[in-house]
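See below for the structure under consideration.
The values are calculated or read from the model by the stated rules, or taken from the named source; none is laboratory data. Quick caveat: nothing in here was measured; it's all calculated off a predicted structure. Every residue, glycine as well, gets a Cβ built from its backbone with ideal geometry; the counts of neighbours run over all protein chains shown. Heavy atoms of the whole protein, side chains included, go into the accessibility calculation; ligands, DNA and RNA do not. Shrake-Rupley method; radii C 1.70, N 1.55, O 1.52, S 1.80 Å.
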Amino acid sequence: MKFKKIILSVTLGLAAIALAACGNNNASGKTDKQTLNLSAPAPLDTIDISKATGYGQTGNVFESFYRLGKDGKVTPGLAKSSSVSADGKTWTFKLRNTKWSNGDPITAQDFVYSWRRTLDPKTKSSYAYMFDNVVNATAINEGKTSPDKLGIEAPDKKTVVVHLDKPVAYFKVLMAYPLFGPQNQKVAEKYGKKYATKSQYMVYSGPFKIVDWNGTGNKWAFVKNNQYWDKDVVKLNKINYRVVANTTTGYELYQQGKLDMTQLSNQQVKNFKNNKNLKKYPYSYVAWLEYNFQDPNALNKKALNNKNIRLALSLAVDRKTLTKKVLGDGSDTPQGFVPSKLAYNPKTGKDFAQEQKVNNTVDYNVKLAKQYWKKGMQEIGAKKLTLTILAANDANGNQEVTQYLQSQYSSVLPGLTVKIESIPGNSAADKARKGDFDIFLAGWGGDFNDPYTFMQIPETNTPYNRGKYSNSEYDALIEKAENADANNPEQRWNDLVKAAQIFNTDQGITPLYEQTNAFMQRSNVKGIIHNTAGTQWNYKYAYMK
């Protein structure tokens, strides 16, 4: 799979988590107990699955072959069954009898149309790269061949066949992404340029459908889709959304009884840590320090290419203090650069995060940090060093983290001066892309429940490898995992574990914390399924007790 990832930053990661306020009335004006009132930190930018840049909430209105259930497990969706060839390169999906929200039957051709539309370069899909292992997908997206050459076919109305260039170990998980769901060609052609610009110019395949969304407004709603194949298990009749600008406003609305849930800031979490309605939802986002191995400053380049100096910078960080006291929002300490609760050993069930761990890499050890620092500084022939940490000033927690790092490094590592360049997120990302930084406080959120969603980053010459890290042994193991061993789950897992251990030993980046988002949630809100990656929020089984 090529690497063209468009998101995630802390801010965007949070923006995908839509939760909090509105009224509880239905269209008739009567109170409806099965109405969930949620807030969004930002407007819903699009309802076009081909053009979306995130699917945190829209998995509730658009369904693919599967859905993500509890603990990231693949659960039934529009497909009633599937099979894969022995070589792992041909998948066949059999569709159940399903209908669009307007009553039209959902057919295999709807999947073919949707995939071709997404990959058409005219669509300018941000997520087209996720199709890259489908036969001819890359060539189509680059305008080198026509969409009808894509490796997907519909031999009959209820059968979809997908042809891959090579086996993809996490393909079934990908098929739970709304991105890979169907689109109704008749509806798309009927509305033309209006398609997906308002909620009424769209039809829906999931448990809910969208109403009252006009493309720009701060309010919209999901209502139960009575054409949905599994409608009998859907208890909620409506989910109201309204954009709430900040967590202070959100909590005020919660206190007024106008919210069912509201996200909390770091300080609010500290204030309400003993409140029984405080609920924490982990998210597969790891914040880290990204080193510039091609630093424009000659001395800094020499320093950041020195493994002993990188290890010293990591071992000087007390991550327990950082997560528990500085952030205080429930975020956790990392075992390495792949987060916990993302993926599990196919044989033993052990968390990948634990298997990747290398002692004395992300531990807090002042004595060892000083030893590595002294050795590294001798190796580069310097007694003093000034490094600047670039950070987005509009990302939650960044100010507290950079202040902590600046203080900690100056007290633990002699001769090190740390400066902070705190600027708006877009500007920071632009500087990082251009290589104009020493150390970048960045991070990553997983798109799907597999280690590769993180492990593609450090490969040589990938666009989000902004620090230009390169390790031929690491690259070879990733290549082996994604090709020669792609159809052997156990061997592929071992390849990825070895690669992660190499990267963690190298401290190609220095992980700081695993993000957890905290909410005030009423005790009568039940049945919400939350996942750490991909389509995070599943309200199919949610209800108000």
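From the list Gly181, Gly215, Gly206, Gly257, which one is within 27 Å of the chain's Cα centre (by Cα) and over 29 Å from Trp444 (Cβ atoms)?
Gly215
Which pairs turn up if I take residues in the stretch 178-201 that are among the charged types (D, E, K, R) and look for partners that are part of a loop (DSSP other than H, G, I, E, B) with beta carbon separation below 8 Å, at least 6 apart in sequence or on another chain?
As it stands, the answer is Lys186/Asp104; Lys198/Trp213; Lys198/Asn214; Lys198/Gly215, since those pairs meet every condition given.
Restricting to the stretch 453-482, name every residue that is open to solvent by less than 20 Å² (accessible area, probe 1.4 Å) and part of a helix (DSSP H, G or I).
Across the stretch 453-482, the qualifying residues are Thr453, Phe454, Met455, Tyr474, Ile478, Ala481, Glu482.
Output the residue which, of all residues in the stretch 307-324 that are in contact with a helix residue (DSSP H, G or I) (Cβ under 9 Å, 6 or more places away or on another chain) and either outside any helix (DSSP H, G or I) or without any contact (Cβ under 8 Å) to a residue 40 or more places away in the chain (or both), is farthest from Lys375 (Cα to Cα).
So the residue we want is Asp318.
Working only within the stretch 67-88, note down all residues that are among the basic types (Lys, Arg) and touching a Lys or Arg at 6+ places or on another chain (Cβ under 8 Å).
Arg67, Lys80
Of all the residues that make up the stretch 77-102, how many are open to solvent by 50 Å² or more (accessible area, probe 1.4 Å) and among the hydrophobic types (A, V, I, L, M, F, W, C)?
Of the residues in that region, 2 qualify.
Identify, from the list Lys350, Lys375, Lys341, the residue that is modelled with pLDDT of 95 or more and over 26 Å from Asn300 (Cα atoms).
Lys350
Scan the stretch 103-116 for residues that are touching a Leu at 6+ places or on another chain (Cβ under 7 Å) and open to solvent by 20 Å² or more (accessible area, probe 1.4 Å) and jot them down.
Arg116, the sole residue that qualifies.
Would you kindly identify the strands (runs of 3 or more DSSP E) lying entirely within the stretch 49-163 that contain at least 2 residues that are closer than 24 Å to Trp537 by Cα?
66-68, 74-76, 79-84
All but one of (1) outside any loop (DSSP other than H, G, I, E, B); (2) in contact with a helix residue (DSSP H, G or I) (Cβ under 7 Å, 6 or more places away or on another chain); (3) β-branched (Val, Ile, Thr) hold for Val223, so report the exception by its number.
The failed condition is (2).
Select, from Glu189, Glu252, the only residue that is charged (D, E, K, R), open to solvent by 10 Å² or more (accessible area, probe 1.4 Å) and outside the structural domain of Ser126 (by the TED database).
From the options Glu189, Glu252, the qualifying one is Glu252.
Is it true that Asp485 is touching a helix residue (DSSP H, G or I) at 6+ places or on another chain (Cβ under 7 Å), assigned to a loop (DSSP other than H, G, I, E, B) and either modelled with pLDDT of 95 or more or of a type in the set (Gly, Ala, Ser) (or both)?
yes
If you take the residues of the stretch 325-339 that are outside any loop (DSSP other than H, G, I, E, B) and touching a residue at least 40 places away in the same chain (Cβ under 8 Å), which of them is farthest from the chain's Cα centre (by Cα)?
Filtering the stretch 325-339 for residues that are outside any loop (DSSP other than H, G, I, E, B) and touching a residue at least 40 places away in the same chain (Cβ under 8 Å), the one farthest from the chain's Cα centre (by Cα) comes out as Val326.
Suppose we filter the stretch 192-234 for residues that are of a type in the set (Gly, Ala, Ser), within 20 Å of Met544 (Cα to Cα) and open to solvent by 30 Å² or more (accessible area, probe 1.4 Å); how many remain?
The qualifying residues number 0.
Mind listing just one residue for me: the one in the stretch 483-506 that is without any contact (Cβ under 8 Å) to a residue 40 or more places away in the chain and not small (Gly, Ala, Ser) and, of those, least open to solvent (accessible area, probe 1.4 Å)?
Among those residues, the one meeting the criterion is Asp495.
Restricting attention to the stretch 495-520, and to residues there that are in a strand (DSSP E or B), modelled with pLDDT of 95 or more and touching a Lys or Arg at 6+ places or on another chain (Cβ under 8 Å), which single residue is nearest to Ile457 (Cα to Cα)?
Result: Thr510.
Can you name the condition, by its number, that Ala169 falls short on among (1) at pLDDT below 95; (2) among the aliphatic types (A, V, I, L, M); (3) in a strand (DSSP E or B)?
(3)
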